[in-house]
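Asker: Could you have a look at this structure, given as structure tokens, before my questions?
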Amino acid sequence: MKSITILGIFVADLAFFSKKIPARGETILGEDFVVGPGGKGSNQAVAAAKAGGQVNFITKIGNDQYGDMAKKIYSEVNIETKNVFISDKFSTGVAAILINKETGDNAISVVPGAAGQLTIEDINKAEYEIKNSEIFLTQLEAPINTVIHALKIAKSNNVKTIFNPAPAAKLDKDVFPLIDFFTPNESEASFYVDGEINNEEDAKKYAKDILQLGVKNVLITLGEKGVYFENSKENYFVPALDLKDKVVDTSGAGDAFNGAFAAAMCENMNVKEAIEFANKFAGLSTTKIGTANSMPLRREIENLT
Ligand code: RIB
């Protein structure tokens with residue numbers, strides 16, 4: 001089976017649910033608190049594995065309780081952990097996630113902890129897995145030098161690369177040509193162009209500017225609206241899944257999309273089919289609480305009419 005290698009961070013998500021996300025300087029009374037596995041790269045790895053992919057994950061965790069939480073979920077969903085490095089010096093990171101209980105919207109502050117200490121040497125230890133994968137997927141939460149080093153290994157070995165620029169950060173111009181599929185959300189896409197992207201029309205207007213940076217394909221995820229795709233030959237919009245259940249938590253939905261898209265691209269799906277599959281996967285994830293813990297099972301996607 002073709003495999004997917006994902007580089008990114010694991011952190012414990014500390015999620016606070018309240019009637020609204022507090023404004024600057026404001027204190028509010030929260031209603032629920034949940035601790036669960038998180039970190040964009042780790043969520044994407046869990047999503048890809050639950051979507052049917054064979055996943056190798058590269059990260060660093062602490063020798064602590066939250067590190068054990070990572071090991072537990074990787075064992076449950078069958079993620080290869082050969083390149084999950086354990087630091088005796090640094091603790092596993094954490095994220096504070098504030099969630100609006102009425103709308104499911106969120107605001108996040110993430111401290112990568114041990115995963116912020118990933119090094120080029122760690123990436124070199126994972127070189128065999130990167131080189132021999134069908135897909136390499138990463139984001140911008142791990143140290144940027146390790147992300148770029150791994151992308152270079154992938155690209156120079158003809159591995160398809162998916163780059164989720166989250167959180168958005170300035171990239172050198174020689175990085176963009178290493179990217180086959182660039183997957184920003186609205187705000188991340190806006191960061192790379194001279195304008196605001198909020199909907200399909202804006203995405204269509206600015207996608208060419210992103211392609212001109214040197215990426216081969218751009219997929220702009222527009223939350224509950226859907227996904228806009230463009231490359232040098234075609235462009236189209238794939239609307240989001242019409243959800244039957246209430247949205248309770250949108251955190252991790254972008255990760256659900258990226259992980260499921262990577263898994264679908266390892267199968268015999270074309271890009272449009274892979275986007276449709278990932279859209280459904282991400283949509284369903286918003287109807288459950290948590291990030292990694294909200295990823296649906298493959299059969300739930302197949303059971304959708
Ligand atoms: O995309 C959601 C993730 O971003 C959360 O799990 C949090 O840990 C942050 O990394």
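Since every read-out is calculated from the coordinates, none of them should be taken as a lab result. Keep in mind the model is a prediction, meaning the values are calculated, not measured. Here Cβ is always computed from backbone atoms with ideal geometry, including for glycine, and neighbour counts include all displayed protein chains.
Asker: Per-residue ellipticity at 222 nm for the chain, helices alone: DSSP H runs ≥ 4 residues times -39500 (n - 2.57), over residue total, nearest 500 deg cm²/dmol?
Answerer: -9500 deg cm²/dmol
Asker: Roughly what % of DSSP beta bridges within the chain run antiparallel, to the nearest 5?
Answerer: 45
Asker: Enumerate the amide H contacts of Ala142 below 5 Å, restricted to partners 5 or more residues apart or on another chain; note that Pro and chain-start residues carry no placed amide H.
Answerer: Long-range HN contacts for Ala142: Ile9.
Asker: With the cut-off at 1.5 for a/c, could you classify the range 96-216 from its C-alpha gyration tensor as rounded, prolate or oblate?
Answerer: In terms of gyration-tensor shape, oblate.
Asker: Let me ask something else about it. For a Förster distance of 45 Å, can you work out the FRET efficiency between the beta-carbons of Arg24 and Asn157, rounded to the nearest 0.05?
Answerer: Plugging the Cβ-Cβ distance into 1/(1 + (r/R0)^6) gives 0.45.
Asker: Moving on to the next point. Would you list, by chain and number, the lysines whose Cα falls below 19 Å from the Cα of Lys131, excluding same-chain residues fewer than 8 positions away?
Answerer: Straight-distance partners of Lys131: Lys2, Lys82, Lys152, Lys155, Lys160.
Asker: Label Glu102 and Ala169 with points 7 Å out from Cα along Cα→Cβ: what is the distance between them in nm?
Answerer: 3.6
Asker: Please compute the Kirkwood hydrodynamic radius of the range 164-305 from all pairs of different C-alpha atoms, in Å with one decimal.
Answerer: After inverting the mean inverse Cα-Cα distance, the result is 15.3 Å.
Asker: Please report the net charge: other residues with Cβ closer than 12 Å to the Cβ of Leu137, K and R +1, D and E -1.
Answerer: Residues close to Leu137 contribute a combined charge of -1.
Asker: Could I ask something else about it? Under 4 °C and 1.567 mPa s, how fast does the range 1-103 diffuse according to Stokes-Einstein, given a Kirkwood radius computed over C-alpha pairs? Answer in µm²/s, whole number.
Answerer: Answer, rounded: 88 µm²/s.
Asker: Shifting gears a bit: P(r) of the range 158-206 in 10 Å steps, Cα pairs, percent per bin?
Answerer: Final binned percentages: 25, 52, 21, 1.
Asker: If the only charges are +1 at each Lys and Arg Cβ and -1 at each Asp and Glu Cβ, what is the size of the charge dipole of the range 1-70 around the Cα centre, to the nearest 20 debye?
Answerer: Dipole size: approximately 340 debye.
Asker: Moving on. Remind me, what semi-axes does the range 37-89 give for its equivalent ellipsoid, largest first in whole Å, using sqrt of 5 times each Cα gyration tensor eigenvalue?
Answerer: 19, 10, 9
Asker: Express in nm, to one decimal, how much length is gained between Val35 and Lys225 on full extension, taking 0.36 nm for each residue of separation and deducting their alpha carbon distance.
Answerer: The span from Val35 to Lys225 would gain 65.5 nm if fully extended.
Asker: A further question on this structure: So, how do all the Cα-to-Cα distances of the chain break down into 20 Å bins, in percent, from 0 on up?
Answerer: So the P(r) values, bin by bin, are 36, 59, 4.
Asker: I've got another one for you. What is the packing order of peptides 218-228, 50-60, taking the mean over residues of other C-beta atoms within 10 Å and listing the highest first?
Answerer: Descending packing order for the listed peptides: 50-60, 218-228.
Asker: According to a simple spin-label model (label point 7 Å from Cα along Cα-to-Cβ), what is the distance in nm between Thr119 and Lys2?
Answerer: 3.5
Asker: Out of all DSSP beta bridges with both ends in the range 45-178, state the antiparallel percent to the nearest 5.
Answerer: Counting DSSP beta bridges with both partners in the range 45-178, the antiparallel share is about 45 percent.
Asker: Distance cut-off 23 Å, Cα to Cα: go down the list Lys208/Lys233; Lys170/Lys216; Lys20/Lys288; Lys40/Lys101; Lys50/Lys89 and report the pairs above it.
Answerer: With Cα atoms farther than 23 Å apart: Lys50/Lys89.
Asker: Also, I was wondering about something else. What is the antiparallel percent of DSSP beta bridges lying wholly in the range 1-61, to the nearest 5?
Answerer: 60
Asker: Quick one: net charge of Ile28's neighbours, Cβ under 15 Å, K/R +1, D/E -1?
Answerer: Neighbourhood net charge equals -1.
Asker: With +1 on the Cβ of every Lys and Arg and -1 on the Cβ of every Asp and Glu, and nothing else charged, how large is the dipole of the range 140-261 about its Cα centre, in debye rounded to the nearest 20?
Answerer: That gives a dipole near 500 debye.
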